[in-house]
Structures are given as C-alpha cells and as structure tokens.
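Here is the structure we will look at, set down as structure tokens.
The values are calculated or read from the model by the stated rules, or taken from the named source; none is laboratory data. In this text the structure is predicted, and so the values were computed from the model without any measurement. Glycine also receives a Cβ, built like all others from the backbone with ideal geometry; neighbour counts cover every protein chain displayed. The area values use the complete protein model at the heavy-atom level, side chains included, leaving out ligands, DNA and RNA. Shrake-Rupley method; radii C 1.70, N 1.55, O 1.52, S 1.80 Å.
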Amino acid sequence: MKKIIIVILLLALGAAGIAVQHYATDGRKTNATQQAAPGKKILFYRHPMNPSITSDRPAKDEMGMDYTPVYADGQEQGAPDGAVTISPAVVNNMGVRIAAVERSPLPRRIETVGYVGYDEERAHHVHVRTEGWVERLYVKFAGARVRAGDPLFDLYAPKLVNAQQEYLQALSTGNKFLATASRERLRALGVSAAQIDALEKSRRVEQLVKVYARQDGVVRDLNIREGMFIEPPTEAISLADISAVWVLADVFEGQVGWVAPGQVAEVRPAYQPGKAWKGRVDYIYPGLDPVTRTLKVRLRFDNPGEILKPNMYGAVTIFADMRQGVVHIPREALIRDGREERVILALGDGKFAPRAVRAGAESGERVEILQGLEEGEQVVSSGQFLIDSESNLKAGFTRMTPVASEPMQEIKKAAQGEGVVNTVDDKKINISHGPIEALNWPPMTMDFQLTDPALAQGVKVGDNVQFEFHEGEGGRYVVTKINPKAAP
C-alpha cells in the first residue's frame with residue numbers, strides 16, 4: 001500500500017514539474033512580470049486577452065496567464081507611451097506606408113504661385129499741366145501699342161495759347177531775359193523743347209498742342225475721350241513697357257527666413273507646360289498679409305516676345321541656399337493638431353507609438369525635424385492618423401490586438417483536446433493539453449471551469465484525459481465533457 005502511495009506522489013510531482021517547465025518555456029508571463037518597474041507605481045492589472053477586464057491585485061486569467069500591470073501614467077509594462085500593436089492584415093488594409101528618417105543636405109526650395117504684373121518702374125502716366133479740352137485722340141483703346149514720340153492727343157488750352165503769344169512777343173522785342181522767362185513758362189506748362197523750337201521757327205501760334213508718348217509700350221489705361229474737359233489731376237493715359245515684368249509671389253510665414261534679394265527664381269505659366277523663365281528676387285515687402293499670413297515677394301523677369309502677360313498666373317520656384325546635415329522626413333508624416341507636432345514611429349513587429357517632435361521649415365515634400373527624431377528611425381507616412389487616433393483614445397484594442405493573441409479568438413462552438421490532469425476539484429480542473437488545431441492553440445497549461453461537479457468523479461491527478469470545452473461567461477473556458485484517454 002505504501003508503495004502505491006509513493007508512486008502516486010511521484011507521478012503528481014512529475015506532472016507538476018512538466019507543467020511548470022512547459023509554462024516557462026512557452027513564452028508566457030510569470031509572476032515576475034507583475035512586479036512594478038523601478039520608479040513606477042502600479043495602478044491596476046489588465047486582462048491579457050480582454051482589456052475591458054481589470055483587477056486591483058495580481059491575478060491570472062482562465063488560461064493561467066498573468067494580468068498585465070498598468071502604471072499610474074496609464075502605460076502598460078514594457079510599452080512606449082501610447083504604443084499599439086496591429087496585426088499585419090489590418091496594417092495592409094489601412095494602407096500604412098513607412099519612411100526612414102534621413103539626415104542629408106536639404107535643398108530649400110520654395111514652391112508657390114504668383115501672378116504677372118506690370119513693371120512699375122517702366123510705367124508712365126500722362127497728365128496735362130493746365131486745364132483744357134481734348135480735341136483729337138490718336139489712341140482709341142486700351143492695349144494699343146505706341147512708340148516714343150507718337151502723338152497721343154491734341155489739347156486746346158487757353159493758357160497754352162497765351163503762353164505762345166507771350167513768347168513770340170518777347171522774341172520780337174529782342175529782350176533775351178524776357179524771351180528766356182517766356183520759354184521757361186512754356187516748358188512749365190508741358191510743352192516740349194522740340195515744340196518750342198518749332199514755334200520759334202514758324203512764329204505762328206498753335207491753337208492745338210499735341211501731347212506725345214515719352215516711351216515705348218502699351219496703353220494700360222485710357223481715361224479720356226474726344227471732347228472731354230481735363231485738368232492736371234486727371235490721369236489721361238498710362239503707358240507700360242512689358243519687355244520686362246514683375247511676378248508677385250506669396251511665401252508662407254515659415255519660409256520667410258529663406259528668401260533674400262538676388263536669389264534665382266523660375267516661373268512656369270500654365271499655358272506653356274514644361275517651359276520656365278529665369279529671373280531673380282527683386283524686392284521683399286516688409287509686412288505679412290494679415291489674412292493669408294503670407295509675405296509678398298517681388299520677382300523680376302525679362303519678357304522677350306511678351307509671352308508673360310499681365311495678370312497671368314504661374315507656378316513659382318525660388319531657389320534658396322541649401323542647408324547641410326538636416327534631419328528630415330516626408331511632409332505627410334508630420335501630424336499637427338494645433339497643440340503639438342508629432343509622428344507615429346514604426347517599431348517593428350506591428351508595433352507603433354507616437355512621439356512628439358519639433359518641426360522646422362518645409363522644403364517641397366520634406367520637412368525639417370529640429371528635435372525628437374534620429375537618423376535611421378522609421379515613421380509612418382500614410383495611415384498615421386488612424387493609428388494616432390487608436391493610440392490617443394486607447395479604445396481600439398478589440399480590433400488592434402497582438403498577432404500572438406489571435407489564436408485566442410472567441411470560441412463559437414465546442415472544441416476538443418487531450419492532456420494531463422494537474423489539479424482537480426469539484427469546480428475547476430487544471431490541464432496541460434497538447435495543440436488544439438481547431439483553435440490554432442499551441443500546447444499550454446491552463447485552468448478550466450467544470451459545468452457539473454460530477455465531471456470530476458473518477459478523475460485523478462496524472463490522468464490522461466480527452467475533454468470538450470467552450471467559452472463561457474466572462475471569458476472563462478468551461479469543460480462540458482471529460483473522459484479518460486484510452487490506452488494505446
């Protein structure tokens with residue numbers, strides 16, 4: 001009798017040893033994982049398979065796995081702040097793309113749009129210097145082309161007629177002082193030196209005085225018509241030379257420090273794809289637009305053939321100086337929410353975590369990172385907003401579960417297994433079972449609830465048994481049938 005008891009004890013100890021060894025080598029957590037990390041306080045413990053189940057003290061789940069400690073800062077043991085784990089299938093469905101953090105020279109190119117305007121330094125406004133009437137108009141419409149010396153209109157002005165008569169009288173008296181004063185009066189009234197010389201030769205007063213163009217160009221504005229009475233404040237005609245033009249471009253506030261006079265610029269009008277005009281930054285305006293928060297920059301371009309038309313839009317590129325050794329990432333990888341700037345790090349094995357960064361200036365499709373990232377790290381450049389939402393809300397763990405836990409899916413119907421009994425009473429049984437192919441479970445040791453105490457009758461520690469089970473309330477696994485395994 002004593003020998004039988006000794007044999008049973010040895011079998012029980014051997015089964016327990018196998019269970020402990022299997023549990024340790026199966027990669028499952030032990031009680032050591034429930035100890036607080038240095039400098040952190042454990043707030044509560046979370047069910048490893050169902051995050052909605054928590055405990056205020058260390059515990060094991062229905063399969064014998066330890067609950068995961070959650071610290072006072074809201075983070076689980078071993079996880080970076082806000083880290084989540086996503087299965088490969090979900091990553092693929094979300095269209096997640098990964099990009100490397102680079103450190104290299106960053107060409108500072110400012111991409112913007114601009115519109116073509118007249119070169120105001122080449123503009124001329126025609127005014128009269130005494131009131132009068134427009135008797136004849138040689139320019140009939142705005143946009144007409146004129147050359148320097150072409151007549152624009154004839155003006156009848158009583159003061160001009162009187163001034164001519166006074167000049168001729170001064171010439172007839174031979175008084176040089178009086179003649180000089182009369183000539184200067186004609187010049188002050190807008191009569192050209194050539195017209196005064198012609199008057200001196202002809203000795204005949206012109207009732208209509210011609211007003212001539214002083215430069216080549218096109219008529220930008222035509223504000224008079226024949227028969228109109230005009231005065232000195234009236235802008236009769238404005239002329240513009242478009243052999244060179246200005247392009248006014250808007251530069252975003254973050255790129256203001258890049259621009260400097262003299263930098264090379266390009267403009268590409270939409271109606272001529274692939275063709276670019278070379279110019280330079282001519283002037284930087286002193287203030288930002290209060291509505292658009294952009295700085296206006298004036299570019300100057302030569303315009304042979306007058307292909308660039310005033311008020312035409314075009315794509316503008318300003319080539320600023322290149323910076324060396326800049327850490328940068330794709331612009332689309334940066335998340336801005338008004339409070340902070342951050343990226344989503346790709347940690348590998350389906351793990352992702354947010355990280356706060358400080359961004360610098362943008363250059364094309366890249367953005368400079370001043371703080372928070374190192375060369376070689378991986379960031380999410382597409383799909384990061386979905387991951388960021390999961391990380392912030394901590395509410396998507398039902399879908400975003402670790403890959404390793406996918407076999408522990410909900411049991412829709414009863415499953416069968418075989419194993420060795422470690423402990424048993426009328427409510428619970430602990431079994432070290434082999435693989436359960438129906439659920440894709442590996443071998444493991446776990447506790448099961450018994451639906452009926454009668455199931456435990458005749459079952460002893462060390463027995464090889466076949467059993468049937470399903471998932472019950474609260475995620476607990478319940479044995480419904482158990483039978484000794486037939487000897488081979």
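Figures for the structure shown
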| read-out | value |
| --- | --- |
| Test: GLU226 is part of a helix (DSSP H, G or I) and open to solvent by 70 Å² or more (accessible area, probe 1.4 Å) | no |
| Cβ pairs under 6 Å, 6+ apart, first in the range 175-194 and under 13 Å from VAL209 (Cα atoms), second in a loop (DSSP other than H, G, I, E, B) and open to solvent by 80 Å² or more (accessible area, probe 1.4 Å) | LEU189/ARG129; GLY190/ARG129 |
| VAL264 of a type outside the set (S, T, N, Q) and either farther than 17 Å from TRP246 by Cβ or crowded, with 18+ Cβ neighbours inside 10 Å (or both) | no |
| Test result for THR445, outside any loop (DSSP other than H, G, I, E, B), surrounded by 17 or more Cβ atoms within 10 Å (Cβ to Cβ) and at pLDDT below 85 | yes |
| Flag if LYS210 is open to solvent by 60 Å² or more (accessible area, probe 1.4 Å) and part of a strand (DSSP E or B) | yes |
| The one condition in (1) touching a helix residue (DSSP H, G or I) at 6+ places or on another chain (Cβ under 7 Å); (2) open to solvent by less than 60 Å² (accessible area, probe 1.4 Å) that VAL251 fails to fulfil | (1) |
| Residue list for the range 284-335, filter: open to solvent by less than 90 Å² (accessible area, probe 1.4 Å), under 24 Å from the mean Cα position of the chain (by Cα) and either more than 30 Å from ILE369 (Cβ to Cβ) or without any contact (Cβ under 8 Å) to a residue 12 or more places away in the chain (or both) | GLY314 |
| Residues of the range 125-144 satisfying the condition of being open to solvent by less than 70 Å² (accessible area, probe 1.4 Å) and closer than 23 Å to ILE307 by Cβ | ALA142, GLY143, ALA144 |
| Qualifying residues in the range 463-481 (those that are modelled with pLDDT under 80 and open to solvent by 70 Å² or more (accessible area, probe 1.4 Å)) - the one nearest to GLU418 (Cα to Cα) | ARG476 |
| Pair list, Cβ < 7 Å and 6+ apart or interchain, from the range 86-109 residues that are within 14 Å of ASP349 (Cα to Cα) to residues that are open to solvent by 80 Å² or more (accessible area, probe 1.4 Å) and modelled with pLDDT under 85 | SER87/GLU406; VAL90/ARG399 |
| Subset of the range 51-61 [modelled with pLDDT of 60 or more and closer than 15 Å to GLU473 by Cα] | ILE53, ASP61 |
| Residues that are assigned to a strand (DSSP E or B) and open to solvent by 80 Å² or more (accessible area, probe 1.4 Å), drawn from the range 267-278 | LYS278 |
| Residues of the range 107-140 classified as of a type in the set (D, E, K, R) and in a strand (DSSP E or B), total | 4 |
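Per-residue answers, yes or no, for (1) of a type in the set (Gly, Ala, Ser); (2) in contact (Cβ under 8 Å) with a residue 40 or more places away in the chain:
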| residue | (1), (2) |
| --- | --- |
| LEU199 | no, no |
| ASP216 | no, yes |
| ARG220 | no, yes |
| ILE224 | no, yes |
| SER238 | yes, yes |
| SER243 | yes, yes |
| ALA249 | yes, yes |
